[in-house]
Structure formats: C-alpha cells, structure tokens
1. Along region 25-36, what does the Karplus equation 6.51 cos²θ - 1.76 cosθ + 1.60 (θ = phi - 60°) give for ³J(HN,Hα), rounded to whole Hz, x for Gly and Pro?
2. Suppose every Lys and Arg Cβ carries +1 and every Asp and Glu Cβ carries -1, with no other charges. What dipole size does region 1-131 come out with about its Cα centre, to the nearest 20 debye?
3. Near the amide H of residue 347, under 5 Å away, which other amide H atoms are found, from residues 5 or more places off or on another chain, if H is placed in the peptide plane?
4. With a 10 Å radius around each residue's Cβ, average the other Cβ atoms per peptide and rank 97-109, 14-26, highest first.
5. Could you sort out which of 48/317; 171/254; 171/243; 298/359; 317/359; 113/171 sit more than 28 Å apart by Cα distance in this structure?
6. Can you tell me the 0 to 90 degree angle between the C-alpha axis of helix 331-342 and the longest principal axis of the chain, rounded to 10?
7. For P(r) over Cα pairs in 10 Å bins from 0, in percent, the listed values are [x] 5, 21, 26, 22, 16, 8, 2, 0; [y] 5, 23, 32, 25, 12, 3, 0; [z] 4, 17, 21, 19, 15, 11, 7, 4, 2, 1, 0; which was obtained by calculation from the structure presented?
8. Which of the aspartates and glutamates could a cross-linker bridge to residue 116, judged by Cα under 16 Å and excluding same-chain residues fewer than eight apart?
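Bear in mind that the values in this text are calculations on the coordinates, not laboratory data. The structure presented is a predicted model; accordingly, all values stated were derived computationally and were not measured. Cβ atoms come from the backbone with ideal geometry, glycine included; neighbour counts cover every protein chain shown.
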Amino acid sequence: MIVLPDKWRLLWAPGLDGPDIVAYAMTAIEGKLLGISPNTFLLSGFSKYSISIGRYQDLDLAIDYARAEEKDIDVVRRPIGGGVILIDPVGSRGLGLTVDRDFFPRLDEAFRKVGKAITEGYKRLGVRDVWYRYAGDVMVGNRKITGFGFTERENIVVMQCIISLRDLNFKYFEDVVQLHPEKFRDKRIKELSEIITSVEAETGRLPSDEEFKRAFTEAFQEVLGVEFEEGGLLDAEREIYQKWRDYATSPENKFAFSSMARFPNLRELREKGYKFVFAKNKRDREVVVHILINPERKIEDVMFSGDFYCRPESYLKDLESSLRGVDPTDEEAVYSRVMDIFLRPDWEIPMVEPEDFVKPIIEAARRV
C-alpha cells in the first residue's frame, strides 16, 4: 500500500510543448485516482508557441487549425473550461493544481481562494493594483493579467492557468485565432494590448524563473494553508504520462467539441430536408449551440460549446440527449429540459443561467 505524504508536491517542469501541457495535468489526475500521486502544485515553462483551447470550446469556431499547423503552433485542448489561451515561450508560465475534491468542496470557494493566491503571487513580483474578479479573472486596474478555471474528475479537482510575465506577441497569432478576429487585425493590436497586461509591462522588468517560482509558491502556501515539497514525476507516473501525451495529439481530444466533426454529412442531410442552424449567447460566459433539425421540425441532434466551466461534464451530454425530439421553437419545452439539469443539486456552471442555453436555441430555430 502506497502512503502519500502530507505535503503537497511542487513539480517544476520547464520547456513544455503543447502535448506536455495536457500530459502533466492528466498524469496528476490519473495518478491521484489510482492512489499513487500526491496533491500536486505544477509550475511550468514553455518551449514553443502554443494555443490551449478550453474543454468545451468548438475547435472550428476557436481557431484556424490548418493555419496553426502551417505555423508550427501546437494546439491542445486542456481538460478544463474557459476560452482560448495563447502561450508565448518567453512571456508565459504555467500554474496548476491537482487536489482532492474535499479540499475544494464548492467551485465558487475554489475560485475565490485561488484568485486570492494568484493575486498575492503577482504582488510578490511587484505588480500593484492587482485584484481578483469572479469567476476566474485576475485584473490590474481594468486590464486582465490572468484567467483560470477548474474541472473535476470523480473526486479530483484540477485548476490550470497562465501567468503573464511579458506581453504576448499577438501578431504571431492574428491569422490563427478566430474567436474574435477583429481584435487581432493590425488596427486593433494597440487596443488589445491596452486591455491585457503583464508583469514586465507593470514593473518594467521580466522576472527570472526562480523569482516566478518563489513568488507563487509562497503565495499559494500562505493562502491555501498547505506546505509544498519539490519533486519530480514518480516512476509509477511515467507510463501514465506517455499515454496522455499521445492522447493530447489524438483526434479524440482535439475534436471532442467540433461542429465539423459532430455534423460531417450536412450536404446530404440538407438534400433530405434537414436544416442546420447555429446561434450563441454571450453574457458573462459564451454558450454556443449547433442544431440539426429534421424534416418533422424536431431536434435531431444538438451540440453545446463555449467558454464556460461546468461539472460534472456528463450532465452537459444529458442535456443534449434530452433535447432530441423536441420542437426547438417550443420555448416552454426547451426551458423544461434545461431546468431539469439546473435543478440537479450537484450541477455547477458558474455565471451561466438556464436562459443562456434556452435563448440561443430559440434564436437558432427562428432562422429556419
């Protein structure tokens, strides 16, 4: 029987590429589920330009995947929600937690504690006027410096984020990122820089890796009330790591939420009288819906995606299944199916209301 230490493991992993980002996170998760890995605090650096998309984002709406491959930009889908994260090997550093759910029994409390810890880490690097905005944004004045989120695997809670040491090279990504392409055109680059900031932009200097490690290690230990001990991957974790590195580059992961993969035969279906519609609702979080409507004007299939966080993920699939066969213009019926999920006591989806799912469905159906 393996006896896990009381101290949490501090894992420093410099020089990660895109698949490594997924592999390290999932190794810590699976290792904990198997009882071989301790609670882990992961700090990392990066070896190349990468794009990390949120667990629930539609790959085809988020980025131009073919262009990313042409530019040798790694694209990975991380195991947590949120939006597109651009990773610069010079200015970006990774920070993550993999812990027992008992430590974070409620998602809202997890956001608050980690938000405070990240804020304290930036203060230790000399950033002034830094504050936490629920859910998942760390701000300097009115500019964003970090976003973070959580996901859950059985009894394990996972958090990941990017710490911004230097301003990103936005121009390198401008023809790849598609979520809000107008923000990446040349005439908008200056404006985007004005709403996003970094440690170097705020303090005039780029911290060393040692300064980064020390600042955030001390901040998290203090805020969470735990003690870290630096270590590496365990021998028992290395096979798990390789498995998840391979998975990170697999179609199963990349296209887990992909409208093109979910609805591949639209031309044939349209010839048979099917309709395919799309709509999105953007309030605090974006909820996107793609609906395939059959000749009887009922929902044949539906896919939800967006930059939200939710747990358990299986309930999102339950919602999609429950809407099949429903008239998408029947607002009462649609609302009833959505509420069935929201009334489940263990369903959590911060800053998203039932109407955020209902509204895009009704809007999409009206386009038929």
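1. After applying 6.51 cos²θ - 1.76 cosθ + 1.60, I find 5, 6, 5, 4, 5, 5, x, 5, 4, 7, x, 10 Hz.
2. The calculation lands at about 620 debye.
3. Counting only residues 5 or more places away or on other chains, the set is empty.
4. So the order, starting with the most tightly packed, is 14-26, 97-109.
5. Table pairs above 28 Å Cα-Cα are 48/317; 171/243; 113/171.
6. 30
7. Comparing each candidate, only [y] matches the computed number.
8. Within reach: 108, 129, 137, 218, 222.
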